[in-house]
Amino acid sequence: LAVLGILVMNVVEFGMPLAAYENPLQWGGATGVDLWTWYVQAALFDGKMRALFSMLFGAGLVLITERMERAGRGSKSADLLLRRCLWLALFGVAHRFGLQWTGDILYQYGLLGLIAIAFRRWRPVPLLIAGVLCLGAFVPASLLQHRSAAQLRDQAAQAQAIETAQQPVPEDLRKAKERWATRIAVPKPENHQAEVDAMRGSYTSVFAHRWNYHHMFQSSYLYLYFVWDVLGMVFVGMALCRLGFFAGQLSGRVYWGSLVLGIAGAAVSWLWAKAFADTGFSAAGLELNLWHDMLYPFVRGIVGLGWASALILLHRSGAFGWLTATLARVGRMAF
């Protein structure tokens, strides 16, 4: 389910410029069916399936350790898991730089998995606390980004006021106004023509065009974003695995409650998407974006667990066995 759900988002990168991922005005259309498709993606899939996948990665670390311990090979579990993560990192580099797959995330899991392995025997409560603390790092980070953007907005307003008064505008304020204007400019599809041309060109043109993006994604973006994003969800997944959540060992009340919370989280995501669309998908709504950025790590985890609960309840009911069996086969293909 998580692998196929991620495909719902990654398919945007298959046929559109990367900017279309977060703003439908950039490419693809933002009216009618196109707009409602974006709503569904934002409410049910964006980040939610990746959160579930990260939690299952953490659960995998626990499962492998426990199975090896039951087989009397527990002392070798760290060696196996470390080698597994190192291989993931190598394949992640090959996928992204060799095969030009922008959606590859094996490198992140491989590198951060090396850290998570050390926590695989922790008890559920400490793991949950560690996960929440990692995800909580996005709150101060979002506040800092908002303050910086708000200062830029204020400087642009000062520059406009000085211009209106027909006074000379200081150089720093003039540049701030230009940066703010660029930030809030209405997206134009023609701005991405260079990317489209590069992607329709030779392998060499694709490689050159995406070199900086690939490098940023596997370096600074990893250290500033994914280290908290992935580790947070991995820790939560390890805790839930130890509690028996993913194995369906908890009461039906737990799964129904998780499903209801997941629906509520999806509703929050939809309301944000609707509010963003009502602004004309403008980047000027800093306060709206601030709330989204602070809540996003937690909401997507809640919705991801809602999806997991729905699947567990479906499996428990014995209905649609062909569907759960097919999903299981797809799941076994995850590298």
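The phi-based Karplus calculation (6.51 cos²θ - 1.76 cosθ + 1.60; θ = phi - 60°) puts the 3J(HN,Hα) values of the range 296-302 at 3, x, 7, 4, 5, x, 5 Hz, whole numbers, x for Gly and Pro.
Stretched out straight at 0.36 nm per residue, the stretch from Gln151 to Leu250 would grow longer than its current Cα-Cα span by 30.7 nm. Scaled against 2.2 N^0.38 Å for its residue count N, the alpha carbon radius of gyration of the range 182-300 is 1.48. Between Thr204 and Leu35, full extension at 0.36 nm per residue minus the direct alpha carbon distance yields a gain of 57.4 nm. The share of accessible area on the chain that comes from carbon and sulfur is 66 percent, using a 1.4 angstrom probe. Each label was represented as a point 7 Å from its Cα along the Cα-to-Cβ direction; for Gln166 and Arg329 these points are 7.8 nm apart. With a simple spin-label model that places each label point 7 Å from the Cα along the Cα-to-Cβ direction, the separation between Lys175 and Leu114 comes to 3.8 nm. Of the whole protein surface, Ile115 contributes about 80 Å² of accessible area at a 1.4 Å probe radius. Put simply, the chain fits an ellipsoid with semi-axes of 39, 23, 21 Å; these come from the alpha carbon gyration tensor as the roots of five times its eigenvalues, largest first.
Annotation for Val132 and Ala275: the two label points, set 7 Å from Cα along the Cα-Cβ direction, are 2.4 nm apart.
Below 8 Å between Cα atoms, with a sequence gap of 6+, how large is the relative contact order for the chain in percent? The normalised contact order for the chain reaches 28 percent.
Per-residue ellipticity at 222 nm from helix content only, as computed over the chain with -39500 (n - 2.57) for each DSSP H run of at least four residues, stands at -23500 deg cm²/dmol.
Summary value for the range 1-60: 41 percent relative contact order, contacts being C-alpha pairs under 8 angstrom separated by 6+ residues. Computed extension gain for Tyr225 through Arg121, at 0.36 nm per residue and net of the alpha carbon distance, reaches 34.9 nm.
Give the calculated FRET efficiency between Ala19 and Ala71 to the nearest 0.05, with a Förster radius of 56 Å applied to their Cβ-Cβ distance. The calculated FRET efficiency here is 0.70.
The values are calculated or read from the model by the stated rules, or taken from the named source; none is laboratory data. From a predicted model like this one, the values you see are computed outputs, not experimental measurements. Because the Cβ atoms are built from the backbone with ideal geometry, glycine has one as well, and the counts that use them run over all protein chains shown. Areas reflect the complete protein model, heavy atoms only, side chains present, ligands, DNA and RNA absent. Shrake-Rupley method; radii C 1.70, N 1.55, O 1.52, S 1.80 Å.
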